[in-house]
1. Tell me which of these SER424 doesn't satisfy, since it passes every other one: (1) more than 25 Å from the chain's Cα centre (by Cα); (2) open to solvent by 10 Å² or more (accessible area, probe 1.4 Å).
2. Looking only at segment 43-54, count every residue that is open to solvent by 40 Å² or more (accessible area, probe 1.4 Å), within 22 Å of TYR607 (Cα to Cα) and not hydroxyl-bearing (Ser, Thr, Tyr) and tell me the total.
3. I need a count of the residues in segment 537-572 that are under 25 Å from TYR473 (Cα atoms) and assigned to a strand (DSSP E or B).
4. I'm trying to understand the selection: among the residues of segment 598-618, which are exposed (fewer than 15 other Cβ atoms within 10 Å of the Cβ), part of a loop (DSSP other than H, G, I, E, B) and among the polar types (S, T, N, Q)?
5. Restricting attention to segment 221-237, does a residue exist that is outside any strand (DSSP E or B) and under 22 Å from PHE122 (Cβ atoms)?
6. Condition first: modelled with pLDDT of 90 or more, exposed (fewer than 15 other Cβ atoms within 10 Å of the Cβ) and closer than 28 Å to GLY90 by Cα. Now tell me which residues in segment 619-665 satisfy that.
7. Would you say ALA480 is in contact with a strand residue (DSSP E or B) (Cβ under 9 Å, 6 or more places away or on another chain), closer than 20 Å to MET554 by Cβ and not aromatic (Phe, Trp, Tyr)?
8. Filter segment 501-519 for residues that are assigned to a strand (DSSP E or B) and either in contact with an Asp or Glu (Cβ under 8 Å, 6 or more places away or on another chain) or under 24 Å from HIS453 (Cβ atoms) (or both) and give the result.
Amino acid sequence: MKLHRILPLAGVSLLALNVAALAQDKPVVLDLVTIISEGRDNIEATGGTVLTEEDLETLKPADVSELFSRVSTVTVSGGGGPSKRIHVLGMEQSALAVSVDGVPQVATSWHHTGSNVIDPAFLKRVEVEAGAAAADAGFAAAAGAVRYETVSALDMLEDGRDMGGRASLSYGSNGRGFAGTLAGYGRARGFDWLVMLHGADGDDYENGDGTTILGTAPAALNLLTKFGYEFEDHRIELSYEKSRDDADRLIKMNMGLSGDELHPLKIDRETIKLSYTSTSPTANWDPEVMIYLSQQDYWRPDYAHPAPPRGGTNGDMILNEDLFGGKVQNTFDVGIGRITAGVDFGQHDYHIDNYGDYLEADGSFGPRYRNFSTSQVGTYVQGRFEFENGVSLSTGLRYDTQRFTDWNGERFSDSGTSANATLSYRVNDNIEVFAGASQTWLGYVIGDYGYIHARGDAFYTDPDFAPGEAENYKIGANFAGNSWNGGITFFDTQLRGFPNYDDPSLNNEPEYRSKGFTLNASYDFGATRVGATYTKADVTVDGVPAVPSSGMVMPVGDMATLFVDHEIAAWNAKVGASVQWAGSVQSGEAEAQNFYEEPSYTVVNAYAEWTPQSYENMTLRLSVDNLFDETYYERSGYAKRDARGGIEPVYAPGRTITFGGTVKF
């Protein structure tokens, strides 16, 4: 990473952290007056997204498309569960540091598979930190971070109760079928526990034109368990999460191809985590210690493929990823703010079953198995400060070292420094301005390693394969009053050093860039809340407009959302609706490569929820998604004409009506 880029940010971080350390001996009583501090999370106030427990209760999302349906900065492709790919400001989720309860999640393993990593039924909070991410967000936060936080027994227990349970059941039209969640939780003598199951079973859905979209049937079966023990001022927690999707799917789930057929596909993910925290933190002692094991498996059987050189079959496709890691950190209260310092590490092992009958040029069959690995160790410090003069500052540093051992036993190792800073200033009681920047060292980005499945014996890692790096800049303003708020953020994200798996070697791709702006506004009338977002993102590859692909970036163009929620207190009910709009996307580059124009679409969703006054432990809900039966495909999908019959998009569901109920006991 170039010194002229990292030194200014590192200087800001070191100066701020040094001043804070000196101030620790001089207690300061602050009046927290900034808009960011008064009711607005720093992430949301600087262009990111926060979904609170209340938001999730309102949305009750069945999948990640519904989870982000009110956010214009995040786009999700359509199709069945494992096909959904998430993009933030046009950058694929693999370019973000993604975690569930602090455990890092693997990147997208195959470019035709989605990147959803969590069952929305288990969630209590979601944070999408777009652009300049904090040092404690995790290793390789290239274009930001996504943090999913799941529920625990202590979250779900009602006041005065030590045992409880919750059961939900729903049925939806248009292939959605049945979905159910069952949870039991409690606490006794310092122990607490949660066991939660969620499953869904349905059929392939139809789009707005009534065409059945193959391979889209719900088939999830997921488990979340947490066991905690508190003694004196300490808490230990053991958690285990398992998700599985087992159904017949399209071979390339994010696109429709001529003559497509369904084939069995199993995707499994398991995570176990052991953590320690203090239940009575002090100014100098607020620790978090965590160790985890995570595994993700992808299995698809052999199927007929008449095109050479595969000898008539395509070969089994088996991908396995294992991740072992942890972190140790402590947060210090220094009067003018808080400083978090820590160490994290990760050992990542990959295993690929290559084409079993891959025919080499010399007539022999290629290797069946490929194994490779990466290992990383990092140290970090992040300070978050509030000053009396209306200034607040979040700034930090990371230093990471990484080693990559490829499938031929070749080793690559390097280290680098990352820095970030976000500064805000309260102009008056209603206006705040901010600016942020980050320079991030990413190590050797492995990314979409599923390509190796189709590479022959001669495929190697280019000796010049280099670590990736990212730059993020953002500037904007927030406006707020007693019952309203709004904001604008201009962003510029640049990624370099991401992997290219084209023959004959693994090497670095050109620069990816997304720049534009995003707007947000909301108004609270008391019983009624209205909100809207708008995002314009120009996505380029080496300065040229990006074309639709299954790669790291997607030309998302213009996106907007509008929503309204209204409580009817007399009936103990709530109703609401949301609108998603996407402008058309096309460029000369895309047209020259035979991509169809991505058409504009507008989708309306609505819901009604009722809690009977005589049964306040029960909630009934009726929702209608895609109310006007729009035929469309979400912005992360695409279509193309070519000599092989072309690529058809995977269309989103047509009108879908769902009725369900939840009972607490």
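1. (2)
2. Start the filter on segment 43-54 by keeping residues that are open to solvent by 40 Å² or more (accessible area, probe 1.4 Å), which leaves 44, 52-54.
Keeping just the survivors that are within 22 Å of TYR607 (Cα to Cα) gives 52-54.
Among the residues that remain, those that are also not hydroxyl-bearing (Ser, Thr, Tyr) are: 53-54.
Of the residues in that region, 2 qualify.
3. Residues in segment 537-572 being under 25 Å from TYR473 (Cα atoms) and assigned to a strand (DSSP E or B): 13 in total.
4. Correct list: SER600, GLN613, SER614, ASN617.
5. no
6. PHE628
7. No, not satisfied.
8. First pass over segment 501-519, keeping only residues assigned to a strand (DSSP E or B): 505-508, 512-519.
Across segment 501-519, the qualifying residues are SER505, LEU506, ASN507, ASN508, TYR512, ARG513, SER514, LYS515, GLY516.
The values are calculated or read from the model by the stated rules, or taken from the named source; none is laboratory data. Please read these numbers as outputs of a predicted model, since none were measured by experiment. Reconstructed Cβ throughout: ideal geometry from the backbone, glycine too, with neighbour counts over all protein chains shown. The area values use the complete protein model at the heavy-atom level, side chains included, leaving out ligands, DNA and RNA. Shrake-Rupley method; radii C 1.70, N 1.55, O 1.52, S 1.80 Å.
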